[in-house]
Amino acid sequence: MIVTCLDLEGVLVPEIWIAFADAVGIPELRRTTRDEPDYDKLMKFRLEILKEHKLGLKEIQDTIAKIDPMPGAKEFLDELRSLGQVIILSDTFSQFAKPLMKKLGWPTIMCNELIVGENGEITGYKMRCPQSKLTTVKALQSCGFETIASGDSFNDLAMIQASKAGFLFRSTEKIIKEYPQYPAFTEYSELLDAIKKYL
């Protein structure tokens, strides 16, 4: 059996931190895993800025409530799920993901958890496991599943490399240039056709 593993932000929904950065007018928060491969470094940077500006979970969730899936994302996901098992592997957090999963028809997602104080301040985060996307793909493979993976950022490359087939979707020119061995697509129909060849 094959499980298709998809990234969330940049693939199915817009980047949450970019939307929030624009909403609150703090351009430094536009940095994502497309720009910074070290996720721990990126999150510490984000949390420092949130603390400095006295912004908490509520403010971010208010922005997320206004985010819709990318045009065609739900239809793509619905068709893909009708063909086989799909898991969204994301480095986002459950407190961010839930309203987006509702808009996508409640697909399965594995992500991380924020540590939030009583006053709503985000004080830290708990990763589900080290190298969560790669670890999950390897765990699925150890259970007898084959995996197909697609994503757009540096933190997706390990799961793409470890899978039977891997694809870049709406990635950066830098990543596409550095990893020419992985087909790069910008349209859901192209990605769907590529995945179908392995199902």
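The values are calculated or read from the model by the stated rules, or taken from the named source; none is laboratory data. Values in this document were obtained by computation on a predicted structure and should not be read as measured data. No Cβ is skipped: glycine too gets one built from the backbone with ideal geometry, and neighbour counts run over all protein chains shown. In case anyone asks, the SASA skips ligands and DNA or RNA and just uses the protein heavy atoms, side chains included. Shrake-Rupley method; radii C 1.70, N 1.55, O 1.52, S 1.80 Å.
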Which one of these does A97 not meet: (1) on the phi > 0 side of the Ramachandran plot; (2) open to solvent by less than 30 Å² (accessible area, probe 1.4 Å)? (1)
Do we have T63 as at pLDDT below 95, among the polar types (S, T, N, Q), open to solvent by less than 50 Å² (accessible area, probe 1.4 Å) and within 21 Å of D152 (Cβ to Cβ) here? no
Scan region 75-94 for residues that are without any contact (Cβ under 8 Å) to a residue 40 or more places away in the chain and either open to solvent by 30 Å² or more (accessible area, probe 1.4 Å) or over 22 Å from K133 (Cβ atoms) (or both) and jot them down. D78, R81, S82, S94
So in region 171-186, with the set limited to residues that are part of a helix (DSSP H, G or I) and among the β-branched types (V, I, T), which one is most open to solvent (accessible area, probe 1.4 Å)? I176
Within region 21-42, can one find any residue that is buried (at least 20 other Cβ atoms within 10 Å of the Cβ), modelled with pLDDT under 95 and in contact with a Leu (Cβ under 7 Å, 6 or more places away or on another chain)? yes
Condition check for S189: open to solvent by less than 90 Å² (accessible area, probe 1.4 Å) and assigned to a helix (DSSP H, G or I): yes
Residue match in region 3-12 (condition: part of a helix (DSSP H, G or I) and small (G, A, S)): no
Checking the conditions here, which among K133, K138, K126 is open to solvent by 50 Å² or more (accessible area, probe 1.4 Å) and closer than 21 Å to T32 by Cβ? K126
Kindly provide the set of residues from region 73-93 that are more than 17 Å from S153 (Cβ to Cβ) and in contact with a Gly (Cβ under 9 Å, 6 or more places away or on another chain), ordered by number. K74, L77, D78, R81
Members of region 26-71 that are of a type outside the set (K, R) and in contact with a Ser or Thr (Cβ under 9 Å, 6 or more places away or on another chain): T32, T33, D35, P37, Y39, L42, L47
If you go through region 147-163 one residue at a time, do you hit one that is modelled with pLDDT of 95 or more, closer than 24 Å to K74 by Cα and open to solvent by 40 Å² or more (accessible area, probe 1.4 Å)? no
